[in-house]
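Following: one structure in structure tokens, then a few remarks.
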Amino acid sequence: MLSQVPENLDRAWIAITADPRCRDDVSRQHRLKFDLRTVKIDGLELEQWQYEVTGGGRIWYAIDDAQRVVWITQAGTGHPRQTDKRRR
């Protein structure tokens, strides 16, 4: 992403680190649904969110409030296939 869309990636990083639960633009930044809503990291179940960097490129991240950390769980330039089907 850095080599393809550096400006978009910079905007994404600023948005994610400034307010990881921001709902100002839900088309770009929102919590994932169904079984992707949460992810386990170090034994903790954390909320998992997505930021749309480009039409296909996404950053998935988990919010750890206790440690005040945002964990990047997935990042890529192509649309993640896990969200193509309705998941329960």
Accessible-area composition of the chain, carbon plus sulfur, in percent [1.4 Å probe] | 47 percent
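State in Å² the accessible area per residue of segment 1-47; use a 1.4 Å probe, count heavy atoms of protein chains only, and round to the nearest integer. Please list the in-between numbers first.
Working: 3380 Å² over 47 residues.
About 72 Å² of surface per residue is accessible.
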Of TRP60, TRP13, TRP49, the one that fluctuates the most in a GNM where the chain has Cα springs shorter than 10 Å = TRP13
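Sequence gap at least 6, Cα distance under 8 Å: using those rules, report the relative contact order of the chain to the nearest whole percent. Each step should come with its number before you reach the end.
On the way: 132 pairs, mean separation 19.4, N = 88.
Relative contact order here is 22 percent.
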Within a Gaussian network of the chain (alpha carbon springs, distance under 10 Å), most fluctuating of GLN48, GLN74, GLN29 | GLN74
Given (i) 12.6, 35; (ii) 12.3, 41; (iii) 28.8, 98, the label whose value is Rg and Dmax of the Cα atoms in Å derived from this model = (i)
Once both label points are put 7 Å beyond Cα along the C-beta direction, the ASP19-GLU45 separation in nm becomes 2.8 nm
Within a Gaussian network of the chain (alpha carbon springs, distance under 10 Å), most fluctuating of ARG23, ARG31, ARG58 | ARG23
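What's the magnitude of the charge dipole for the chain around its Cα centre, counting Lys and Arg as +1 and Asp and Glu as -1 at the beta-carbon? Answer in Debye, nearest 20. Can you show the working numbers first?
Values: 15 positive and 13 negative charges, 105 e Å.
The dipole of the chain has a size of about 500 debye.
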Once ASP10 and GLN74 are pulled to full extension, the length gained, defined as 0.36 nm per residue separation minus their Cα-Cα distance, is 21.4 nm
Got a sec? Charge dipole of the chain, +1 on Cβ for Lys and Arg, -1 for Asp and Glu; which of HIS79, TYR51, VAL5 is way out at the positive end?
-> HIS79
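The values are calculated or read from the model by the stated rules, or taken from the named source; none is laboratory data. Keep in mind that this is a model prediction, so the values were computed, not measured. Cβ: placed from backbone, ideal geometry, glycine included. Neighbour counts: every protein chain shown. These accessible areas exclude ligands, DNA and RNA; they are computed on the full protein's heavy atoms, side chains included. Shrake-Rupley method; radii C 1.70, N 1.55, O 1.52, S 1.80 Å.
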